[in-house]
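Engineer: Got a structure here, written out as structure tokens. Questions coming.
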Amino acid sequence: MNDYVIKEGNYIEQGITKCQKGYQITYAGKQVESLSLVLYSKNSREVETEIELPLKYRKGNLFSTYVEGIDLKNRDYHFRVNGKLLVDPYAKAITGREVWGQKRTGQEVCGRYVQEIYDWQGDKLPHCDTWEMIVYKIHVRGFTKHKTSKVRHKGTFLGIVEKLPYLKDLGITTLELMPSYEFEEVRERGYTYHPAYPIENPEDDSYINYWGYGKGDYFTPKYTYAATKNPRKEFKDMVKAVHAQGMEVVMEFYFEPYTSQKFIFDCVKYWVEEYHIDGVHLYGKNLPVIMLAQEPTLSEIKIFQNYQDTGSVYAPEESLEYRNLFEYNSGFQFIGRKLLKGDGAQISDFAYRSRKNEEQQAVINYMAGHDGFTMYDSVCYEKKHNEENGESNKDGSNCNFTWNCGIEGDTRRKKVQQLRKNQLKNAFSFVFLSQGVPMILGGDEYCNTQKGNSNPYCQDNEVSWVIWQENAFQKEILEFVKNLIAFRKKHPIISGKVRMRVMDYLACGYPDISYHSEKAWTPYFDEDSRYMGVMYCGNYVCIDKTKNDDFIYVAYNMHWEKHTFALPNLPKGQKWALVADTSKPMGSDWLKEEKMLQEQMGVEVQPRSVVILRGKTVNTRKSRKGKMQKRGE
């Protein structure tokens, strides 16, 4: 019989914590009538010993015991509560899910106590400011699983590391990972809100939970997302490599409605401290956003969520050195898609959405996310095609606000392909020329398609994987997006470094942002309007503390007819120059050398296209010299 020293614990940390001579074992639960720790022999599921944890050591629903005389290093364990074996919700490692897509029964999955030391080698969080962020959302497995990804470690954290040079070259600053903690990827019908898609045969009542949203084991990275046998080290290696490129990692977490705020808080804090993540995107109800935002040790950690009333977090006039709250601006997507396909009565709302940039909360703008059509599919499909999900095409939203440009799905018609190409460029322009933080779904810059599936939550195949093949169409869109990101980074007046007030508060003769139409300084916001000119005054942002940014004019014409936009007069010594035109083919859509407009009073914009202009300083000496030479002749 083993001799254990059992005392009352400290109730501070839940789960199992190593002390100098023993272990703190703490468990939270309601209506607990019996509680014990079940230890298994190494590399087996044979019960080696079971230690009864006295219920007298209790505070409310928290049971804490200090135990000496046991060695838990690399040992698998369960809690037995009221006779039922349960996985420790605070387990820092999980065993039993080493094979992806394997259907499990019984008690294969359990916690493992691990003690590991990791050398971060001076790793520091980049702390990208909101105005310089470019968010890129990916599914860890799907991002590099396809053979065309050309990475060695496909579908893993190391696969992401292999793609970092590409992401850096694209201009990405922030990687947002869909659930990458341990979760059960094989689900039974009725477990979640969606019926199932069979993965083995029609009689099998299970499906693949590919996305990972649902109850999870939140304190450890997913084993099957690792190329090695140590997902904890591999995840840290990935984070360290991302940080070395000056980029960030944001983790998505989905918590079921009844999850306690204390548990969520502990989870986020643990990932920040243990895995050096830069932020979280929280899904669920009863989220402790206020607790997280006000926690001093998390003051520089980004918190993404649908919406948070900042009045419950900060004082009304409180000035923030670093905004850590981010609102996912779903309204931008809906309004943007309606405008893109030519709906009326959207211009005024789009003007508001595109300049939304709160003092105490940043906004994230996007035209496509994981839930819904990809960017490419949004210009190819009007109806969802989710038959393969096994729900008779009843799952997923019916309101996607998309237009197929005349033909549903794939087509070889060149006119339709050209229109789709223009529409894609317009959609990306909406995102990157607006004031909020831009977000794109991984693969959208490559025209990745899900063949019209708007809800591929159960598709672990080429439907959801990013296909990295590059044809002329994809190459043109990729190059356009790269140029667009570079242009945004070059001009901080666009990227929301300052909040726009639509007024001349510097008394420089121009408001910070202004709206125009076929008449300068006169926007056309009527219900039948489908076009708008936006001018950003660069005097409101200083670059490198030496000079002001440029004047930028963006002409949006989503009408099926061309329009001539009247241009405001620039300060003396400047003229309007053409930067980009989405109606032009590759090579001339984004000019390598900006072309001065011959007509400075207005610019003609083709149907369903976006034109970008920049105020360019005129070389007056050179022009005078030319005039003198002409006079001499």
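What follows is calculated from the coordinates using simple rules that are stated; it is not laboratory data. This structure is a prediction, so every number in the text was calculated from the model and none was measured. Neighbour counts run over all protein chains shown; Cβ positions are idealised from the backbone, glycine included.
Engineer: Based on alpha-carbon centroids, what's the gap between the range 507-573 and the range 225-296 in Å, whole number please?
Structural biologist: 40 Å
Engineer: Using only Cα atoms, tell me the angle between helix 620-632 and the longest principal axis of the chain; keep it within 0 to 90° and round to the nearest 10.
Structural biologist: The answer is roughly 20 degrees.
Engineer: So who's got an amide H within less than 5 Å of the one on Val605, skipping anything under 5 residues away but keeping other chains? H placed 1.01 Å off N, in plane.
Structural biologist: It is His563, Thr564, Phe565, by chain and number.
Engineer: Also, I was wondering about something else. With unit charges on the beta carbon (Lys/Arg positive, Asp/Glu negative), name the residue among Phe219, Ile94, Ile117 whose Cα is farthest towards the positive pole of the charge dipole of the chain.
Structural biologist: Ile117
Engineer: In deg cm²/dmol and to the nearest 500, what is the mean residue ellipticity at 222 nm of the chain if only DSSP H runs of at least 4 residues count, each as -39500 (n - 2.57), divided by the residue total? The partial results should precede the final answer.
Structural biologist: Details: 11 runs with 124 residues, N = 633.
The helix contribution divided over the chain gives -6000 deg cm²/dmol.
Engineer: Counting Lys and Arg as +1 and Asp and Glu as -1, each charge on the Cβ, what is the dipole of the range 513-623 about the Cα centre in debye, to the nearest 20? Before the final figure, lay out each step's value.
Structural biologist: Details: 15 positive and 14 negative charges, 131 e Å.
Using only the charged Cβ atoms, the result is roughly 620 debye.
Engineer: Just to be sure I understand: of the beta bridges DSSP finds with both ends in the chain, what percent are antiparallel, rounded to 5? Spell out each step's value before the answer.
Structural biologist: Values: 74 of 101 bridges.
Looking only at bridges with both residues in the chain, the antiparallel portion is about 75 percent.
Engineer: From the phi of every residue in the range 215-222, what ³J(HN,Hα) in whole Hz does the Karplus formula 6.51 cos²θ - 1.76 cosθ + 1.60 yield, where θ is phi - 60° and glycine or proline is x?
Structural biologist: In residue order, the calculated couplings are 5, x, 9, 7, 9, 8, x, 6 Hz.
Engineer: Any chance you could check the Cα centroid distance between the range 1-25 and the range 42-72 for me, in angstrom?
Structural biologist: 8 Å
Engineer: Right, here's the next one. Got a sec? How would Trp465, Trp521, Trp211 order by Cβ neighbour count within 10 Å, fewest to most? Walk me through the intermediate numbers first.
Structural biologist: Working: Trp465 26, Trp521 13, Trp211 23.
Neighbour counts put them in this order, fewest first: Trp521, Trp211, Trp465.
Engineer: Mean separation of Cα pairs under 8 Å and 6+ residues apart, divided by the residue count of the range 513-623: what relative contact order is that in percent? List each step's numbers first, then the result.
Structural biologist: Numbers: 236 pairs, mean separation 30.4, N = 111.
Relative contact order for the range 513-623 comes out at 27 percent.
Engineer: While we're here: For the chain, find the longest principal axis of its Cα atoms and tell me its angle to the long axis of helix 414-432, 0 to 90°, nearest 10.
Structural biologist: Helix 414-432 sits roughly 70 degrees off the main axis of the chain.
Engineer: Still on this model: Could you tally the net charge around Lys269, taking each other residue with its Cβ under 13 Å from the Cβ of Lys269, Lys/Arg +1 and Asp/Glu -1? Please list the in-between numbers first.
Structural biologist: Values: positive: Lys262; negative: Glu13, Asp266, Glu273, Glu274, Glu295.
Residues near Lys269 contribute -4 overall.
Engineer: To continue, here is another question. Would you mind checking the tilt of helix 330-340 against the longest principal axis of the Cα atoms of the chain, expressed as 0 to 90 degrees and rounded to 10?
Structural biologist: Its long axis makes an angle of about 40 degrees.
Engineer: Would you mind ranking Glu256, Glu132 by Cβ crowding within 10 Å, fewest neighbours first?
Structural biologist: On the way: Glu256 13, Glu132 16.
Fewest to most other Cβ atoms nearby, the residues stand as Glu256, Glu132.
Engineer: For the range 261-395, just say rounded, prolate or oblate: build the C-alpha gyration tensor, square-root its eigenvalues into a ≥ b ≥ c, call rounded for a/c under 1.5, and beyond that prolate if a/b exceeds b/c, oblate if not.
Structural biologist: oblate
Engineer: Longer than 23 Å from Cα to Cα, which of Lys269/Lys302; Lys240/Lys302; Lys103/Lys394; Lys425/Lys595; Lys421/Lys592; Lys92/Lys163 are they? Say none if no pair is.
Structural biologist: Values: Lys269/Lys302 12 Å; Lys240/Lys302 18 Å; Lys103/Lys394 26 Å; Lys425/Lys595 20 Å; Lys421/Lys592 20 Å; Lys92/Lys163 28 Å.
As for pairs spanning more than 23 Å Cα to Cα, those are Lys103/Lys394; Lys92/Lys163.
Engineer: When the dipole is taken about the Cα centre of the chain, and only Lys, Arg (+1) and Asp, Glu (-1) are charged at their Cβ, what size is it in debye, to the nearest 20?
Structural biologist: Numbers: 87 positive and 84 negative charges, 546 e Å.
That gives a dipole near 2620 debye.
Engineer: Using θ = phi - 60° and the Karplus form 6.51 cos²θ - 1.76 cosθ + 1.60, what ³J(HN,Hα) does each residue of the range 357-372 get, whole Hz, x for Gly and Pro?
Structural biologist: Whole-Hz 3J(HN,Hα) from phi for the range 357-372: 6, 6, 5, 10, 8, 7, 10, 10, 9, 7, 10, 8, x, 5, 9, x.
Engineer: With only alpha-carbon atoms counted, please give the Rg and Dmax of the range 5-113, in Å.
Structural biologist: Answer for the range 5-113, Rg first and Dmax second: 13.7, 42 Å.
Engineer: Now a separate question. Can you list the residues, at least 5 places off or on another chain, whose amide H is less than 5 Å from the amide H of Gln361, using H built in the peptide plane?
Structural biologist: none
Engineer: Counting only the backbone N, which residues of the range 18-49 are under 17 Å from the spot 7 Å out from the Cα of Glu108 toward its beta-carbon?
Structural biologist: Answer for the range 18-49: 43-46.
Engineer: Taking H placed 1.01 Å from N in the peptide plane, check which residues at least 5 places from Lys302 or on another chain put their amide H under 5 Å from its amide H.
Structural biologist: Counting only residues 5 or more places away or on other chains, the set is Gly279, Val280.
Engineer: To continue, here is another question. How large is ³J(HN,Hα), in whole Hz, for each residue of the range 5-22 in order, when computed from phi with the Karplus curve 6.51 cos²θ - 1.76 cosθ + 1.60 and θ = phi - 60°, using x for Gly and Pro?
Structural biologist: My calculation for the range 5-22 gives 9, 10, 9, 6, x, 9, 6, 7, 10, 8, x, 10, 10, 6, 10, 4, 10, x Hz in order.
Engineer: Arranged by the count of other C-beta atoms within 10 angstrom, fewest first, what order do Cys19, Cys267, Cys447, Cys128 take?
Structural biologist: Listing Cys19, Cys267, Cys447, Cys128 from fewest to most nearby Cβ atoms yields Cys19, Cys128, Cys267, Cys447.
Engineer: Please go through the residue pairs Lys154/Lys229; Lys168/Lys584; Lys475/Lys616; Lys42/Lys73 and name each one whose alpha carbons sit more than 18 Å apart in this structure.
Structural biologist: On the way: Lys154/Lys229 15 Å; Lys168/Lys584 27 Å; Lys475/Lys616 29 Å; Lys42/Lys73 10 Å.
Correct reply: Lys168/Lys584; Lys475/Lys616.
Engineer: Let me ask you something else. Suppose each label sits 7 Å from its Cα in the direction of the beta carbon; what would the Glu274-Asp119 distance come out to in nanometres?
Structural biologist: With each label point 7 Å from Cα toward Cβ, the separation is 2.3 nm.
Engineer: Next question, about the same structure. With a Förster radius of 30 Å, plug the Cβ-Cβ distance of Lys229 and Glu33 into 1/(1 + (r/R0)^6) and report the FRET value to the nearest 0.05.
Structural biologist: On the way: r = 38 Å, r/R0 = 1.28.
The calculated FRET efficiency here is 0.20.
Engineer: Moving on to the next point. Lysines within cross-link reach of Lys30: Cα-Cα under 18 Å, excluding same-chain residues under 8 positions apart?
Structural biologist: The qualifying lysines are Lys56, Lys59, Lys84, Lys262.
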